[in-house]
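Peer 1: Got a structure for you, questions after.
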Amino acid sequence: MKFGDFEISIVRECTMKLDGGAMFGVVPKTLWNKVSPADDLNRILMTCNLLLIDTGSKKVLVETGMGDRWNDKERERYELRTLVEPAEMLKSIGVKNDQIDAVVISHLHFDHAGGATRKEGDKLVPTFPKAKYYVQRGEWDFAHNANPRARASYRPDDYEPLHAHNQIVFMDGDTEVVPGVWAKLTGGHTTHHQIVYFESKGNKGVFFADLMPTKSHVMPPWVMGYDHYPLHSCDEKTKWLAQASAEKWLVVFDHELEVPWGQIALNSSGKYEFLPLPEETLNAQARTEKVLAPLK
């Protein structure tokens, strides 16, 4: 899809399920189950959406999904269905892995950094061999010293090979990754969680990552039980939603199963709502019917 001088695309990396209660924190199930129905194990179905921003001179990938390095027991736990081959992760949009210049990872949890590396024979290598991977230094430090509550969300094999191959760029706060694309520190979900803001020819957009993982999380109080600092998440959401709705930004959700991009607006009740773009704005692989189709 054209976005000023940029070309932007969505790639569905996988579908997976996580506990609905954890995804909505203190929000009662009687409310969240209406918009994100749970299965008999209380899990809700989501995707990992990757955003490619092609500025014309640079190709920037936002997030890497879960990857395919999971055993049968783990796949059953998350009902994980991998939708792309790691060696050709962006094939559906006609891009090769070695064409990516920069990868921005919002934080190092396994459903965001899992696809950053892949198996090549007996070795783990960066999935995007010529890219620099942009990570907040504070997130890197925390991933290596996580407390017992947070530790299970981090897998060193997802990111240690990036450092070994000298492909990590550590950031300390807000950073312009390439002209027109910025990493913006929000905290909340983790201490150094970041979102991605992009702008071209007056068009403005934001990839919310786990600050707002789905359209069902648009209301500021609907924050995740997974968040390390849920009150801070609520405050950050309130700030970013106000600006995105007032200036009619494009917003993109990382775990939304249906159309993951559109705009935020205030309705007649004074509440935020998501207005998705037509499904035709997505490439065929990213459309809902393709995501839900049986896999080989």
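What follows is calculated from the coordinates using simple rules that are stated; it is not laboratory data. On a predicted model such as this, the values are computed, not experimentally measured, just so you know. FYI the Cβ positions are ideal-geometry reconstructions off the backbone, even for glycines, and counts take in every protein chain you see.
Peer 1: In nm, give the distance between the simple-model label positions of Asp98 and Arg149, each being 7 Å from the Cα along the Cα-to-Cβ direction.
Peer 2: Placing both labels 7 Å along Cα→Cβ, they lie 4.5 nm apart.
Peer 1: Quick check: pseudo-label points 7 Å beyond the Cα along Cα→Cβ at Ala284 and Leu41, how many nm apart are they?
Peer 2: 3.2
Peer 1: I would also like to ask the following. Given R₀ = 41 Å, FRET efficiency for Glu76-Lys239 by Cβ-Cβ distance, to 0.05? Don't skip to the end; give the middle numbers.
Peer 2: On the way: r = 39 Å, r/R0 = 0.96.
For Glu76 and Lys239, the calculated efficiency is 0.55.
Peer 1: I've got another one for you. Whole percent per 10 Å bin, from 0 to the bin with the longest distance: what is P(r) over all C-alpha pairs of the range 89-202?
Peer 2: Using 10 Å bins, I get a P(r) of 14, 44, 34, 8, 1 for the range 89-202.
Peer 1: Explain nothing, just the number: dipole magnitude of the chain about its Cα centre with +1 on each Lys and Arg Cβ and -1 on each Asp and Glu Cβ, in debye rounded to the nearest 20.
Peer 2: Roughly 220 debye for the chain.
Peer 1: A further question follows. Starting with the fewest neighbours, write out Val27, Val11 ranked by other beta-carbon atoms found within 10 Å of each beta-carbon.
Peer 2: Numbers: Val27 20, Val11 24.
The order, fewest Cβ neighbours first, is Val27, Val11.
Peer 1: If you line up the Cα atoms of the range 184-296 on their principal axes, what length do they span on each, largest first, in Å?
Peer 2: In descending order, the Cα extents are 41, 33, 31 Å.
Peer 1: Compute the Kirkwood hydrodynamic radius of the chain, taking the inverse of the mean of 1/r over all pairs of distinct Cα atoms, and give it in Å to one decimal.
Peer 2: 19.1
Peer 1: A further question follows. Of Val84, Val178, Val62, how do they rank once you tally other Cβ atoms within 10 Å and put the fewest first?
Peer 2: Val178, Val84, Val62
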